[in-house]
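Read through the structure below, which is laid out as structure tokens, and then see the notes.
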Amino acid sequence: MHEKAHMFQSLKKVSRGTICIDEPMSKHTSYQIGGPADIFIWPEDQEDTAAVINFCNREGIPRFVIGNGTNLLVSDRGYRGVMINVTKAFSKVSCKGNVVTTGTGVTLNHLIEYSTEMGLSGLEGLIGIPGQVGGALMLNAGAFGLEIMDRVIAVRFLNSDGLVEIRKRNEIDAGYRRTNLMKTDILIEAQFMLDEGNPKVMQTYEENILKQRREKQPLSLPSAGSVFKRPPNDYAGRLIEEAGCKGLRIGDAMVSRKHANFIVNCHLATSSDVLRVIEEVQERVYQQFQVTLEPEIHLLGFDTI
Ligand SMILES: Cc1cc2nc3c(=O)[nH]c(=O)nc-3n(C[C@H](O)[C@H](O)[C@H](O)COP(=O)(O)OP(=O)(O)OC[C@H]3O[C@@H](n4cnc5c(N)ncnc54)[C@H](O)[C@@H]3O)c2cc1C
């Protein structure tokens, strides 16, 4: 406690941001699960974010940047270090011609609404993904045949020394739910090249996508979306369903009956409930198909990570 209080006081001296101590991660993840982060901070702007990076470097404190927490499973013990949320720091969207420039703390849904209003088309397929632009870029989020990196021109980020760098799209290696952007970097801004589009046509397409999401996904219960990556030439959901895992429940975590690749929090699930379901599904799928399912969600604060 003393150490945390010390961290809190020292950080207050270098940052203008809002800082909390022992902040429950269950408040910041779509799973609504996760123990406390020692320190949770919302830096004010780019300079302030760099100050937080430098502070953590100097003090040797681990740090993690969180977006909307929609792809995260945080352990019940929480996170020992500084959790950084850039929602406030990088929240502007603008456009010039067909180029949209956005802060990474903006939600994908807001970015798409903005682009649609501006008659700029190309990102609509990502509507309904509940994350922020930063998280989506990091993981190359995708849906309906589109990946976010398909439209990126360049990203701007703070490197591990808190210095600004720019990476053009052709300098980023990206594939299915992965990029080689460094986990130690904090993405701050991205530029997208879009096409001219008709807002009415775009809206209709978006509504259709949202309808499909509502029909196929268990959106009434907390989750982190698809838990496992698609294995080569197959679908995780198909393998999980055929391995008889739909409805598999440990504690309050359950493989959704609506979409087998979702593990939902039925109400009071703990992280260890979810982790045990993940392991059980992996085991059963491996026994039946000799396929190792690789998690798509990020596990944070567990022994091995
Ligand atoms: C109901 C539901 C449906 C979903 N559907 C889809 C889907 O169709 N397609 C899909 O791809 N995903 C889907 N997801 C998963 C998730 O929404 C996406 O992966 C999203 O892009 C994660 O963004 P986030 O802001 O929530 O990131 P977080 O979960 O907060 O973080 C994810 C990773 O990104 C990093 N990160 C976040 N912000 C930054 C930043 N500014 N700089 C550097 N690193 C950062 C974090 O450190 C972490 O490693 C779904 C999730 C849910 C709950």
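The values are calculated or read from the model by the stated rules, or taken from the named source; none is laboratory data. Note that this is a predicted model, so its numbers are computed, not measured. Because the Cβ atoms are built from the backbone with ideal geometry, glycine has one as well, and the counts that use them run over all protein chains shown. With ligands, DNA and RNA removed, areas are computed over all heavy atoms of the protein, side chains included. Shrake-Rupley method; radii C 1.70, N 1.55, O 1.52, S 1.80 Å.
Here are the numbers for this structure:
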| read-out | value |
| --- | --- |
| Cβ-derived FRET efficiency at R0 41 Å, His110 paired with Glu59, nearest 0.05 | 0.75 |
| Relative contact order computed over the chain (Cα-Cα under 8 Å; 6+ residues apart), in percent | 17 percent |
| Convex hull volume per residue for segment 238-305, taking Cα atoms only, in Å³ | 86 Å³ |
| Nearest-10 value in Å² for the accessible area of Phe289, using the 1.4 Å probe | 50 Å² |
| Debye, to nearest 20: dipole size of segment 121-199, +1 on Lys, Arg Cβ, -1 on Asp, Glu Cβ | 200 debye |
| Given charges at beta-carbon only (K, R positive; D, E negative), |dipole| of the chain in Debye | 240 debye |
| Projected label distance in nm at Asp234 and Arg276, using a 7 Å step from Cα toward the beta-carbon | 2.6 nm |
| Net charge dipole size for segment 2-85 [Lys, Arg +1 and Asp, Glu -1 on Cβ; Debye, nearest 20] | 140 debye |
| Stretchable slack from His6 to Ile172, in nm (0.36 nm times residue separation minus alpha-carbon distance) | 55.9 nm |
| Between segment 142-170 and segment 68-108, the Cα center-to-center distance that results, in Å | 13 Å |
| Amide H contacts under 5 Å for Phe228, placed H, 5+ residues apart | Glu296 |
| Kirkwood-based shape ratio for the chain, expressed as Rg/Rh from alpha carbons | 0.97 |
| Gain upon complete extension [Phe302, Leu163; 0.36 nm per residue less C-alpha separation] | 47.1 nm |
| Dimensionless Rg ratio for segment 93-215, taking C-alpha atoms and the 2.2 N^0.38 Å reference | 1.03 |
| Spacing of the two label points (7 Å from each Cα toward its C-beta) at Thr101 and Leu210, in nm | 2.9 nm |
| Where Thr116, Thr101, Thr204 fall by accessible area, highest first, once all protein chains stay in place (1.4 Å) | Thr204, Thr101, Thr116 |
| Solvent-accessible surface (1.4 angstrom probe) belonging to Tyr79, in square angstrom, nearest 10 | 20 Å² |
| Segment 149-305: Cα Rg divided by the 2.2 N^0.38 Å rule of thumb | 1.26 |
| Partners for Lys246 among lysines (Cα-Cα distance below 29 Å; same-chain residues under 8 apart left out) | Lys27, Lys211, Lys216, Lys229, Lys258 |
| Cα-based Rg of segment 2-85 normalised by 2.2 N^0.38 Å, two decimals | 1.02 |
